[in-house]
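Q: Okay, handing you the structure first.
The values are calculated or read from the model by the stated rules, or taken from the named source; none is laboratory data. This one's a predicted model, so the numbers in the text were calculated from it and none came from an experiment. Positions of Cβ are generated from backbone atoms using ideal geometry, with glycine treated the same way; all protein chains shown enter the neighbour counts.
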Amino acid sequence: MVSRGLKKLYVFLIFLFLYAPIAVLIVFSFNDGRTSGTWSGFTLRWYVELFKDPAILKALYYTLLIAILASIISTIIGTFAAIGIHNMPGLSKKVVLNLNYIPVLNPDIVTAVSLMALYRFFKLDFGFTTMLLSHITFCIPYVILSILPKLKQMNKHLAEAAMDLGATPFYALRKVIIPEIMPGIVTGGLMAFTLSIDDFVISFFNTGNGVSNLSIEIFSMSRRGINPTINALSALMFVSLLVLLLIINKRTENH
Amino acid sequence: MKRIAYPYLLWILIFTIIPLLLVLYFAFTTGDSQNFNTFNLSLENFKKFFTPIYLKVLLKSINLALVSTILCLVIGYPLAYIISREKPKNRNTMILMFIIPMWMNFLLRTYAWLTLLGRNGLVNTVLARLGLPVLDLMFNDKAVMLGMVYNFLPFMVLPIYSVLTKIDKRLLEASEDLGADVATTFKRVIFPLSIPGVITGITMVFVPAMSTFVISSLLGGNKANLIGNLIEQQFRWTGDWHFGSSMSIILMIFILITMAITSRFDKDKEEGGRLW
């Protein structure tokens, strides 16, 4: 009995440790004072201020635009890549899969500076394009990794049957393979979207010309100290990402 | 059919392989980082790194990452164990609750500690109200460590948990039937079987902890420079990409060594490494 209570206490303390900072952050986003710690009454003014701040609105616009574009492009490239990789013979499959793992396993900062070196080499101006290309680069591997298991589960004779019945390979791809692996594609796309929205390190290094995303804004704001607008922003981001990820989780559970 | 992967192979070549080769090239040259024509092959960058000032930073990064990894293991293992002993329905809820904080933006999660422990944070405001002296809880190495444990604890717990739940129950029954008590069963059966999860967890905490610059610049102030901060400074501010690249290479070598050591223990990579 005692040990059971002890276990409960332990789990409770860890959850407290995990949730306390977030709870404080969100609660004080409704606080009328500037400091956290003194409750000066309920207000929504930080939320109003948030939506009046041109820098944050611009960052929000770029965050969403890049997340949408990066997830669409990486899902398209990743889907074709996954189907192709799935059909490769043993050795080249292994090699490509290992190359695919590089951006996943490499520390973010190394991926970031290596892409920076690439853009410098090709004399690309840092800004929207470089940030988008970088996001696509780190998203594709995750898309592929979420589609490959679906391809493995698929009956490999389905596509052959379609082609025996006179379908061209492209028609078989469109009408048989892609519908079969659709759950994996959607999960991969959603994952790419959340990764892109959440990214800081790679964006931070590969942007310029006044283009920034929410993470970069948060970084520069928080280096200046506590700011209740960030609290409001975090509450909003937390809730929207929570909804999005609950959808992904539901999907992965169902399939 | 395999030909439709070719666009991606081209993408890998341009956006993964060439960039890494460029970093390697930068690391072994000196010159004006802006102008590729001025580059000269040299080992200058590495010589510069292996001097006491920078070695101290490297050692500090290793030290902080190691201590954080150990803390994550010590805190995380019991948690993973407790959760894995629960009924399936309860443990799924508990794991979900455990993952939800991770869905908050990484920077915000780190920043949240400032609102709690910073100079004008909750704890200090309460202390000041009670007439107690204000504490300097932030902007030191302990704060960085706290940030690391907070951010990376799930990376330790989830792989261990996933291995623990897969242990065949009959093994535990067999151990009990043969007269082992709870402690012996844990020491001789459960723990050895959970090693792959522990190893994955160690890698997944150590790698980001070793290479972070965000946690140290938000919670460490100017005092807590880690190798990640040095790389950031070279690329973003100082502009010596050659030196920055050589440090990236050194960081990568460290990470590769870690992975080489751990992958020897890790047979269950696909399962253990899954976080979503």
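Q: For residue B:110, all conditions in the list (1) under 24 Å from residue B:220 (Cα atoms); (2) of a type in the set (Val, Ile, Thr); (3) modelled with pLDDT of 90 or more hold save one; what is the number of the exception?
A: (3)
Q: If you don't mind, another one. Identify, please: which residue in region A:103-133 is of a type in the set (A, V, I, L, M, F, W, C) and free of Cβ contacts under 8 Å to residues at least 12 places away in the same chain and is, among those, farthest from the other protein chains (Cβ to nearest Cβ)?
A: Looking at the filtered set, the residue picked out is A:124.
Q: Can you name every one of the helices (runs of 4 or more DSSP H) wholly within region B:1-78 that holds 1 or more residues which are within 11 Å of another protein chain (Cβ to nearest Cβ) and more than 27 Å from residue A:202 (Cβ to Cβ)?
A: none
Q: Please specify each residue of region B:1-55 satisfying the condition of being loosely packed, with under 12 Cβ neighbours inside 10 Å, hydrophobic (A, V, I, L, M, F, W, C) and touching a Ser or Thr at 6+ places or on another chain (Cβ under 8 Å).
A: Within region B:1-55, B:41 is the sole residue that qualifies.
Q: Which of the numbered conditions does residue A:32 fail, given that it passes all the others? Conditions: (1) under 30 Å from the mean Cα position of the chain (by Cα); (2) in contact (Cβ under 8 Å) with a residue 12 or more places away in the chain.
A: Every condition holds for residue A:32 apart from (1).
Q: When you check residue A:108 against the structure, is it modelled with pLDDT under 90 and in contact with a Ser or Thr (Cβ under 9 Å, 6 or more places away or on another chain), yes or no?
A: Judged against the criteria, residue A:108 is not a match.
Q: Moving on to the next point. Kindly provide the set of residues from region A:214-229 that are of a type in the set (Val, Ile, Thr), facing another protein chain (nearest Cβ under 8 Å) and touching a residue at least 24 places away in the same chain (Cβ under 8 Å), ordered by number.
A: Once the filter is applied, which keeps residues that are of a type in the set (Val, Ile, Thr), facing another protein chain (nearest Cβ under 8 Å) and touching a residue at least 24 places away in the same chain (Cβ under 8 Å), region A:214-229 yields only A:226.
Q: Residue check: is residue B:141 touching a Leu at 6+ places or on another chain (Cβ under 7 Å), surrounded by fewer than 23 Cβ atoms within 10 Å (Cβ to Cβ) and more than 8 Å from chain A (Cβ to nearest Cβ)?
A: Taking the combined requirement at face value, the residue satisfies it.
Q: List the number of the failed condition for residue B:197; all other conditions in (1) within 23 Å of the chain's Cα centre (by Cα); (2) under 24 Å from residue B:111 (Cα atoms) hold.
A: The number of the failed condition is (2).
Q: Just checking, which of A:181, A:202, A:185 is of a type in the set (A, V, I, L, M), surrounded by 15 or more Cβ atoms within 10 Å (Cβ to Cβ) and closer than 29 Å to residue A:127 by Cβ?
A: A:202
Q: Tell me, which helices (runs of 4 or more DSSP H) wholly within region A:119-201 include 3 or more residues that are on the phi > 0 side of the Ramachandran plot? Let's see the steps before the verdict.
A: Details: elements: A:128-153, A:157-164, A:169-172, A:178-198.
Output list is empty.
Yes/no matrix, rows are residues, columns are (1) within 10 Å of another protein chain (Cβ to nearest Cβ); (2) loosely packed, with under 15 Cβ neighbours inside 10 Å; (3) in contact with a Lys or Arg (Cβ under 9 Å, 6 or more places away or on another chain):
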{"site": "A:10", "(1), (2), (3)": "yes, yes, no"}
{"site": "A:17", "(1), (2), (3)": "yes, no, no"}
{"site": "A:53", "(1), (2), (3)": "no, no, no"}
{"site": "A:57", "(1), (2), (3)": "no, yes, no"}
{"site": "A:70", "(1), (2), (3)": "no, no, no"}
{"site": "A:74", "(1), (2), (3)": "yes, no, no"}
{"site": "A:77", "(1), (2), (3)": "yes, no, no"}
{"site": "A:83", "(1), (2), (3)": "yes, no, yes"}
{"site": "A:91", "(1), (2), (3)": "no, yes, no"}
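Q: Scan region A:60-67 and give yes if some residue there is hydrophobic (A, V, I, L, M, F, W, C) and touching a Pro at 6+ places or on another chain (Cβ under 6 Å), otherwise no.
A: No, because not a single residue in region A:60-67 is hydrophobic (A, V, I, L, M, F, W, C) and touching a Pro at 6+ places or on another chain (Cβ under 6 Å).
Q: Looking at (1) surrounded by fewer than 21 Cβ atoms within 10 Å (Cβ to Cβ); (2) modelled with pLDDT of 85 or more; (3) within 10 Å of chain B (Cβ to nearest Cβ), which one does residue A:244 not meet, given that it meets all the others?
A: All conditions pass for residue A:244, except number (2).
Q: For residues in region A:202-248 being outside any loop (DSSP other than H, G, I, E, B) and among the charged types (D, E, K, R), which is nearest to the chain's Cα centre (by Cα)?
A: Residue satisfying both the conditions and the ranking: A:217.
Q: Residue check, residue B:164 against (1) aliphatic (A, V, I, L, M); (2) within 14 Å of chain A (Cβ to nearest Cβ); (3) in contact with a Phe, Trp or Tyr (Cβ under 9 Å, 6 or more places away or on another chain), all met but one. Which one?
A: (2)
Q: Turning to a different aspect of this structure: Determine if region A:197-206 includes at least one residue that is small (Gly, Ala, Ser) and within 25 Å of residue B:2 (Cα to Cα).
A: no
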